[in-house]
Amino acid sequence: MNKLKFGLPKGSLQETTLYLFKNAGFDISIDERSYYPRINDSEIECVLIRAQEIPKYVALGAIDAGISGADWILENKADVAEVAELLYAKRGLGKVRWVLAVPENSGINSVKDLEGKRIATELVEVTKEYLKRNKVNAEVEFSWGATEVKAPELVDAIVDVTETGASLRANKLRIVDTVLESSTRFIANKQSMQDKWKKEKIERIALLLKGALQAETMVGLILNVEVKNLQKLLAILPALQIPTVSKLSDENWRDVLVIVKKLEVRELIPKLKQAGASGIVEFPLNKVIE
């Protein structure tokens, strides 16, 4: 039987990744004592490893594909095929930033002020490239974690990842500059992408994951409206495609089904009610594939 070896990220991306896979139709269970999760697809063999390491092992061909970040692809200088960008992080949808941060009372106000200073980070190679681009000589040391607490006692500055900046503010640090903006990526080994079966399997998984991710930003609405108010209602109704309008047993009424953005719903529902809609039902989605 054909098998696809797939790397799941252990750590900050783990919970959201498993949730996304579940909505894509893949149930994954993890035994605390095993790094080989079970999945309800006999053609996939999962391994749970740190996101930082996945690009390296994908590039080497030890695993065929996996989920990691653009930051770790760059850090590892990994020569991999990027199948899809998946805009989610630990706490929500979107990208993350690697930022240069210093203590609130530090005299460092720009990258140029780092000359001769010491910086702690997990993203060593990317940080060195950043300093090189800015023609600054500084010492960059690898941080094994808890990077925020190292300035100012142990280092002059840090380069750390953030979604909201809350952790940095809590540790009395201020952001000086953005070193890198990163997003989650579905990556694959280039040789694996030359294999017809593996390529098709990888692309199918990516399609379902993108559909599940898209569904996180959308909801479905179903409602009833009198025929006399239908055009007025359709004029204010945004839609992913064209709204579905169906006849009801009463010829004077229509049923309308539409997919809309979550952020639009709280403003939209009162407008629909005002336009004559009734029986409005909002429902969640598992996948939206355009």
Item to complete: Normalising by the residue count of the chain, find the relative contact order in percent from Cα pairs under 8 Å and 6+ residues apart.
Response: 19 percent
Worksheet item: From the residues Ser143, Pro243, Asn2, which one has its Cα farthest along the dipole of the chain in the positive direction, the dipole being from +1 and -1 charges on Cβ of Lys/Arg and Asp/Glu about the Cα centre?
Response: Pro243
Worksheet, complete the sentence: Partner lysines whose C-alpha sits under 28 Å from that of Lys5, ignoring same-chain residues fewer than 8 away, are Lys22, Lys56, Lys77, Lys90, Lys95, Lys190, Lys196, Lys198, Lys199, Lys201, Lys210, Lys287
Worksheet entry | Nonlocal amide H pairs with Tyr88, under 5 Å, H built at 1.01 Å | Gly94, Thr184
Practice prompt. For Leu180, list long-range residues whose amide hydrogen, built 1.01 Å from N in the peptide plane, is under 5 Å from its own amide hydrogen.
Written response: Trp98
Worksheet, complete the sentence: Using alpha carbon centers only, region 205-251 is separated from region 69-121 by a whole-angstrom value of 40 Å
Fill in: region 96-182 - convex hull of alpha carbons, volume per residue in Å³
80 Å³
Fill in: Net dipole in debye of the chain [+1 Lys, Arg Cβ; -1 Asp, Glu Cβ; about Cα centre; nearest 20]
400 debye
Discussion item. Report the gain in length on full extension from Ile236 to Ile30: 0.36 nm times residue separation, minus Cα-Cα distance, nm rounded to one decimal.
Written reply: 69.6 nm
Worksheet entry | Check: region 96-182 dipole with +1 on Lys, Arg Cβ and -1 on Asp, Glu Cβ, in debye | 220 debye
Response to the item:
Across the alpha-carbon set of the chain, Rg over Rh with Rh taken as the Kirkwood radius works out to 1.10
Worksheet item: What is the dipole size for region 218-283, taken about its Cα centre, with +1 at each Lys and Arg Cβ and -1 at each Asp and Glu Cβ, in debye to the nearest 20?
Response: 200 debye
Worksheet item: So what's region 50-117 giving for Cα Rg divided by 2.2 N^0.38 Å, two decimals?
Response: 1.49
Worksheet, complete the sentence: Amide H neighbours of Glu53 at under 5 Å, excluding residues fewer than 5 places away on the same chain, with H built from the backbone geometry, are none
Item to complete: Taking a cut-off of 15 Å between Cα atoms, list the aspartates and glutamates near Lys273, but don't count ones fewer than 8 places away on the same chain.
Response: Glu226, Asp255, Glu264, Glu282
Item to complete: Apply the Karplus parameterisation 6.51 cos²θ - 1.76 cosθ + 1.60, with θ equal to phi minus 60°, to every residue of region 229-238 and state each ³J(HN,Hα) to the nearest whole Hz, in sequence, with x for glycine and proline.
Response: 9, 4, 5, 5, 5, 4, 5, 9, 9, x
Worksheet item: Can you give the calculated 222 nm mean residue ellipticity of the chain, where each DSSP H run of n ≥ 4 adds -39,500 (n - 2.57) and the sum is split over every residue, rounded to the nearest 500 deg cm²/dmol?
Response: -8500 deg cm²/dmol
Discussion item. Just to be sure I understand: with springs between alpha-carbon atoms less than 10 Å apart, which residue in Ile269, Ile73, Ile63 has the highest mean-square fluctuation in the Gaussian network model of the chain?
Written reply: Ile269
Worksheet item: Once you put a point 7 Å from the Cα of Ala62 and another 7 Å from the Cα of Ser278, both along the Cβ direction, what distance in nm separates them?
Response: 6.5 nm
Worksheet entry | Calculated P(r) of region 218-283 - Cα pairs past 14 Å, % | 51 percent
Response to the item:
Expected vector for region 84-99, Karplus 3J(HN,Hα) from phi with 6.51, -1.76, 1.60 and θ = phi - 60°, integer Hz, x for Gly and Pro, equals 7, 8, 10, 7, 9, 9, 5, 10, x, 8, x, 9, 10, 10, 9, 10
Item to complete: Would you mind counting up the charge near Leu223? Only other residues with Cβ under 12 Å from its Cβ, with Lys and Arg at +1 and Asp and Glu at -1.
Response: 0
Fill in: Whole-Hz ³J(HN,Hα) from phi, Karplus 6.51 cos²θ - 1.76 cosθ + 1.60, for region 127-144, glycine and proline x
5, 4, 5, 4, 5, 4, 4, 9, 6, 10, 9, 8, 8, 10, 10, 6, 9, 8
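Every number in this text was worked out from the coordinates using simple rules, so none of it is lab data. On a predicted model such as this, the values are computed, not experimentally measured, just so you know. Glycine also receives a Cβ, built like all others from the backbone with ideal geometry; neighbour counts cover every protein chain displayed.
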